[in-house]
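Here the structure is laid out as structure tokens; the discussion comes afterwards.
The values are calculated or read from the model by the stated rules, or taken from the named source; none is laboratory data. Remember, predicted model here, so these are calculated numbers, not experimental data. Note: ideal-geometry Cβ built from the backbone for every residue, glycine included; neighbour counts use all protein chains shown.
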Amino acid sequence: MRIHLILFACAVFPVHDLVQAQSVPNVPTNQGTATTEVSGLKKLTSTGGLEVISDTQGVNFKPWMVHWRKRTQRTWDALIPEEVKPPTNKSGVVIIRFKVLPSGRLMEGSMALEGRSGDTALDRAAWGALTGSNYPPLPKEFHGPYLELRAGFRYNMEPPL
């Protein structure tokens, strides 16, 4: 259990600075590594985490993101492949872009794998962490049609100093 928590903390924990509204152009899929060169965005291979990429309309999503992280972690822990654990310690980064409806459900057809880890099992575990989780409704103050997010799932990769 401890390994999973450490893995997830490196993967999708940085919630404190993720609530800034951003309008971002589409980022093309990058097959080998999950990076983006779009001005103003952090390179997800180095930071992991959750990034808001649609307009938040000034609504504070931080409490919602804390719930998102906990629920995603719980689901992801059960899906992490054995080869991520010792002695193999497989590593990689998976980047998934998706939309969340006001109800908290993922918008059908909105998920896109933007960065592959190089291992299908790792990609599937990250994908399943999102599709297998039940999220709370978005804050009532938010009146948009959806919230678009990009999540980075890191396996056995140390965060940068």
Check: Is it true that Val84 is out of contact with any Pro (no Cβ under 6 Å at 6 or more places or on another chain), over 28 Å from Tyr146 (Cβ atoms) and crowded, with 19+ Cβ neighbours inside 10 Å?
Finding: yes
Note to self: All but one of (1) of a type outside the set (Gly, Ala, Ser); (2) modelled with pLDDT of 95 or more; (3) closer than 17 Å to Ser133 by Cα hold for Glu82; state the number of the condition that does not hold.
What the structure shows: (3)
Next item on the list: Go through the residues of the range 18-32 one by one and say whether even a single one is modelled with pLDDT under 95, assigned to a strand (DSSP E or B), out of contact with any Phe, Trp or Tyr (no Cβ under 9 Å at 6 or more places or on another chain) and surrounded by 14 or more Cβ atoms within 10 Å (Cβ to Cβ).
Entry: yes
Item checked: Given (1) touching a helix residue (DSSP H, G or I) at 6+ places or on another chain (Cβ under 9 Å); (2) over 17 Å from Leu50 (Cβ atoms), index of the condition Val93 fails -> (2)
Next item on the list: Have a look at Ser133, Ser117 and point out the one that is crowded, with 19+ Cβ neighbours inside 10 Å and either in contact (Cβ under 8 Å) with a residue 12 or more places away in the chain or outside any loop (DSSP other than H, G, I, E, B) (or both).
Entry: Ser117
Margin query: Could you check the range 103-158 and list, in sequence order, the residues that are small (Gly, Ala, Ser) and in contact with a Lys or Arg (Cβ under 6 Å, 6 or more places away or on another chain)?
Written below: Ser110, Ala112, Ser133
Margin query: Restricting to the range 88-112, count the residues that are part of a strand (DSSP E or B) and either over 11 Å from the mean Cα position of the chain (by Cα) or surrounded by fewer than 17 Cβ atoms within 10 Å (Cβ to Cβ) (or both).
Written below: 5
